[in-house]
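*Asks:* Here's a structure for you.
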Amino acid sequence: MRSLESMLPGFLAATLQDRELQRVLGQAVERLAQDKELTLEQLFPSTASGWGLELWERAWGIPVDRTQSDARRRDRILAKVKGTGTTTLEVIQGVAQSFAPWPVEVVEESDQYRFVIWYTGTIGEVPHKEDLEAVVNELKPAHLDWTVKYRQNVRTSVYTGCLSRRSDVILLRQVN
């Protein structure tokens, strides 16, 4: 942002007092601009932090827990926002997607009264899985069961090995 002095005519900076006044006013304007940006960030749950997250949690009926990280609190809020309305596979997928950066597939197994949330692209656990469980259990119909599974597709050769406990033979083979 340009300084306030550079935007004013020269005669307003003639004395030391005028220059000091313009400098102090410029700092105040800069602080106001920063406060405006911070306030605008609080209007959206994906960019909110601190006090803004607390407002979002209260608005959506989520218990406020300041001991959790902002990212975790933000994930819970986004999941709650995405989970409003009629529960469909797309809603469940959107909620599951808000908890991890990996692609998500939701597979319905109607004959078994269940669905599976597949995280593709990882074999690791979803961060804060207990929050995912709480949100999905709140959204899903009570008669449905569900699980979370992980799948990673590899486009290169995968080598497997086996070591027997009773001998020193090591078997390696390439799986195509």
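Taken together, the values in this text are just the output of simple stated rules run on the coordinates, not laboratory data. Quick caveat: nothing in here was measured; it's all calculated off a predicted structure. Virtual Cβ from ideal backbone geometry, glycine too; neighbours counted across all protein chains shown.
*Asks:* Using helices alone, what [θ] at 222 nm do you get for the chain, with -39,500 (n - 2.57) per DSSP H run of 4 or more residues, divided over all residues and rounded to the nearest 500?
*Replies:* It comes out at -12500 deg cm²/dmol, rounded to the nearest 500.
*Asks:* I want the antiparallel fraction of DSSP beta bridges within region 83-151, as a percent rounded to 5.
*Replies:* 45
*Asks:* What order, most packed first, do the peptides 37-49, 145-157 have when packing is the mean number of other Cβ atoms within 10 Å of each residue?
*Replies:* 37-49, 145-157
*Asks:* Using packing as a proxy for protection, rank 108-120, 20-32 so that the peptide with the highest average count of other Cβ atoms within 10 Å comes first.
*Replies:* Going from most to least packed, we get 108-120, 20-32.
*Asks:* Considering amide H positions built from the backbone, and no H for Pro or chain starts, which residues 5 or more places from R114, or on another chain, come under 5 Å of its amide H?
*Replies:* For R114, whose amide H was placed from the backbone, the distant partners under 5 Å are E109, D145.
*Asks:* May I have the convex hull volume per residue, in Å³, for the Cα set of region 1-99?
*Replies:* It comes to 134 Å³ per residue, whole-number rounded.
*Asks:* If you don't mind, there's one more thing I want to ask. Taking amide hydrogens as modeled 1.01 Å from N in the peptide plane, which residues meet the under 5 Å criterion relative to V106, leaving out close sequence neighbours?
*Replies:* W118
*Asks:* Step by step: find N for the chain, compute 2.2 N^0.38 Å, then divide the Cα radius of gyration by it. What's the final number?
*Replies:* Ratio of Cα Rg to 2.2 N^0.38 Å: 1.74.
*Asks:* Where both partners of a DSSP beta bridge lie in the chain, what percent of those bridges are antiparallel, to the nearest 5?
*Replies:* The antiparallel fraction comes to roughly 65 percent.
*Asks:* Calculate the tail of P(r) for region 83-151: the fraction of all Cα-Cα distances greater than 21 Å, expressed in %.
*Replies:* 16
*Asks:* Could you line up V81, V106 from fewest to most neighbouring Cβ atoms inside 10 Å?
*Replies:* Ordered from fewest to most neighbouring Cβ atoms within 10 Å, V81, V106 come out as V81, V106.
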